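First comes the structure, then the notes that go with it.
The values are calculated or read from the model by the stated rules, or taken from the named source; none is laboratory data. As the structure is a computational prediction, the values presented were derived from the model and not from experiment. Here the Cβ positions follow ideal geometry from the backbone for every residue, glycine too, while neighbour counts run over all protein chains shown. What goes into the accessible areas is simple: the full protein's heavy atoms, side chains included, and nothing from ligands, DNA or RNA. Shrake-Rupley method; radii C 1.70, N 1.55, O 1.52, S 1.80 Å.
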Amino acid sequence: MQLPQNQNRKETPEQFEKWIQSKREERKFLRAFGTQQTVLKIPVVFHVIHDGSPVGSGSNISESHIIDQVRILNEDFRRMNADTTETPSMFSNIAADSEIEFVLAKQDPEGLATDGIVRILGSQDVYRPDQEVRLMAESYWPHDDYLNIYVTDLSGANLGYAQFPFSNLSGIATELENYSRTDGVVLDYKWVGTNLSTGSFDSYGRTATHEIGHWLGLRHIWGDGGCGFDDYCNDTPEAGGSSTGCSTNKTTCESQDMIQNYMDYTDDVCMNLFTVCQKERMRTVLENSPRRVSLLTSHGLLEPIQTVNDLGIRSIVSPIQSDCMDDVTPRTEIRNYGTNSITSYEVLLKVNNVVIETISESNTLEPGQTRIVSFSPITLEAQISNEITFEVSQVNGTSDQNSLNDQKNRLLSPFNIVEAPYYENFESNMDYFRITETGEESQWEIAAASYTTTDNQAAKAGFYEQTKNFGVRDFLLTSSIDLTGINSARITFNYAYAPRLQENQSDYFLDGLMVLISTDCGETYSDENILFERYGYSLKTANETSSSFFPIGKSMWDEISLNITRFVGQPNVQVAIVGVNGGGNNIYVDDLFVGNANLKEYDLGIKDISNISVVSCEQNTNSSLEIRNYGYATIDEMTLQVNANEETQEFIFNNLGLRSGESDNISLDISEFTVDGSNQFDIQITSVNGEQDQQAINNSVSFDVLIDQSEDYFPLKEDFLYPKWTTFSPDGTNQFDNMT
Ligand SMILES: [Zn+2]
């Protein structure tokens, strides 16, 4: 029974205590007017994250165990437990009925009937307590509406843990959101409900009582310190430390310890009370704290209002953000939320509140089933915002009986097509869009990010504090860019990223950065059009850090240049910089340029040469030459001239089909030129597509090969890449050498 897990949050215990104190005063005042509910009910969902064992064995615990646990919680919190008689008389007058009850959820997040138990095959068999992010990502119901209790096999001797609540003071909204995905209680399966073979002591289900105590704001009875440390409750005596076992007459800090309190570490069998003060704290939290107070009015507490004919709009599939004049094809996901089979239905599409199309279909949807409904392509007006609405209008030839889920809207920004070049430095313009795959709020924001100047601003994907939606792609979109009228094109940008320093990196998801291109007005970003993709450590531009990453100076940034000449001629190109959330650290992107690459028409270069040993004891030397098209024209033919030992020969290569920015490896047999001893080779590109190459600087390579047939013990495996062509380039650089 450990500490709450969010101990390093920014809201300090002192701030929280000050807040709870003021709320307790308010409660007393309100109670005087009799305006408070008496019994507060909390809807609970148990997520059983198991190892594949059949239901009822191992970590896949039975339903009866869960029902037993709920019974124990209700008895303990209502002081209806059979062992109230064990409370020492000196504490019995302050032992309290908390008037808090727990109810297995009756409705799931979508309003469908549930037994409040979700069973998920975990991605791993055993979870460490610091893997809460991973564990909770396996199954999630909104924490505003449910107390999420995760049951799994916790590593070591861990029984359970919980997240402490937050105040509703202003200024903590961001932090509150950051912790939204790890709220709840985690229990080792062996300690759920009654279990008399748990080992060190028998389980009477009080691990859950203790952890929910934390989740409702209670601190350990000994104040997590010695005498003089406070649990912020005056009716619990000070204690010198935790108590284990069942030492009923233990005295520390000059008074008898309340080892019977659920917030001690005593064996389950010896625990039996919460105090009046603890009751007040828990109820204060439940009535005021964000993500707690909303539970009291959660639909999870209510019987599902399931009607016979109830078709609902579940999600909007398309459009996500259409940004050019082309047609979009609206699509929506519908679901049968009713009890009847649905055999026919009508769904409307509205644009700016005007019905555009009504689709009537005769498909069978059993209760719970979903289906995608596609509408005809439409053309949206360019200069205005467009609101797309999907609406269920008829089910089984009659009107739908539950209007709450019949409609969903999406507002699309006005179109904006810009001619290349497009440039965004995130200082003042707003020529970009931020959206997520899931329609939730985008994590891209504008933030200070020191580059060559300290007041520089950049786009920031703040994944350090993001504990939601792992793996979700978060898009930063350019306007639609017209790439007609230029011969070559490129994307350049700078980015900065420091991986998060973790004890065990593999326990966290990897942050990622991708660059994608859409040529259909942002409707699809096909994986074929991924131009750039890096994850985790390969994304790193600065040293890993355990704090929230902020770049300091240019050395922490990487410059990326991508050749997109193959998209030249397209009138609507949208570039997406995509952050993939791994909850690791922040990614910054700045100075995004999309425009003319100013490439020469014919510019083929030798990028690398390999398979040539410095010393070779055999004469059949096959070299592999990597050539790259640094120009914009597609190159089909190349003439290569090889000079060696005063001999010259030309090689012609055909059907290369090398597009702008592409590389190819060609093999060249140079064995017939070699003689025993030192061989000097010069290789040069002399023509491209029958024309002269327009940039000579990267056209030739020179190297030596030493042939020595007498040394047969020489290590043949040692293949040096010798030398690279850049040795022969005066400034050692080429503008687009790093274009991928
Ligand atoms: Zn604890």
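What's the local net charge at Gln407, with K and R +1, D and E -1, over the other residues with C-beta under 14 Å away?
-2
Go through 640-653, 670-683 and give me the packing order, highest mean Cβ count within 10 Å leading.
Details: 640-653: 13.9, 670-683: 15.6.
Answer by packing, highest mean first, reads 670-683, 640-653.
Residues of the chain: accessible area per residue at 1.4 Å, in Å²?
42
Distances longer than 25 Å among the Cα atoms of region 417-596: what percent of all pairs is that?
30
In nm, what is the difference between 0.36 nm times the number of residues separating Ser200 and Thr84 and their Cα-Cα distance?
Result: 39.4 nm gained on full extension.
What whole-number distance in Å separates the alpha-carbon centres of region 93-160 and region 353-388?
Answer, in whole Å: 37.
Mean projection of the alpha-carbon convex hull of the chain over all orientations, in nm²? Each step should come with its number before you reach the end.
On the way: hull surface 172.9 nm².
Projected over every direction and averaged, the Cα hull of the chain covers 43.2 nm².
On a 19 Å Cα-Cα criterion, which of the cross-link pairs Lys23/Lys106; Lys28/Lys279; Lys106/Lys190; Lys41/Lys279 come out too long?
Numbers: Lys23/Lys106 31 Å; Lys28/Lys279 13 Å; Lys106/Lys190 25 Å; Lys41/Lys279 14 Å.
Distance filter (> 19 Å) returns Lys23/Lys106; Lys106/Lys190.
At a 1.4 Å probe, what is the % contribution of carbon and sulfur to the accessible area of the chain?
For the chain, the apolar C and S fraction of the accessible surface comes to 46 percent.
Rounding to the nearest 10 and keeping the result within 0 to 90°, find how far the Cα-based axis of helix 276-288 lies from the longest principal axis of the chain.
The two axes meet at around 50 degrees.
Under the classification rounded if a/c is under 1.5, otherwise prolate if a/b is larger than b/c and oblate if not, where does region 270-347 fall, given a ≥ b ≥ c as square roots of the Cα gyration tensor eigenvalues? Before the final figure, lay out the partial values.
Numbers: a/c = 5.08, a/b = 2.03, b/c = 2.50.
Since a/c reaches 1.5 but b/c is at least a/b, the shape of region 270-347 is classed as oblate.
Output the Kirkwood hydrodynamic radius of region 311-412, Cα pairs only, in Å rounded to one decimal.
Details: mean 1/r = 0.0722 Å⁻¹.
Answer for region 311-412: a Kirkwood hydrodynamic radius of 13.8 Å.
Sort out for me the Cα centre separation of region 445-491 from region 189-240, rounded to whole Å.
Taking the Cα centre of region 189-240 as reference, the centre of region 445-491 is 47 Å away.
Helix-only mean residue ellipticity at 222 nm, the chain, DSSP H runs n ≥ 4 weighted -39,500 (n - 2.57), per residue, nearest 500. What is it? Mind showing how you got there, number by number?
Numbers: 7 runs with 74 residues, N = 740.
Mean residue ellipticity, 222 nm, calculated: -3000 deg cm²/dmol.
Using a 1.4 Å probe on the protein heavy atoms only, what accessible surface does Cys270 show? Give it in Å² to the nearest 10.
20
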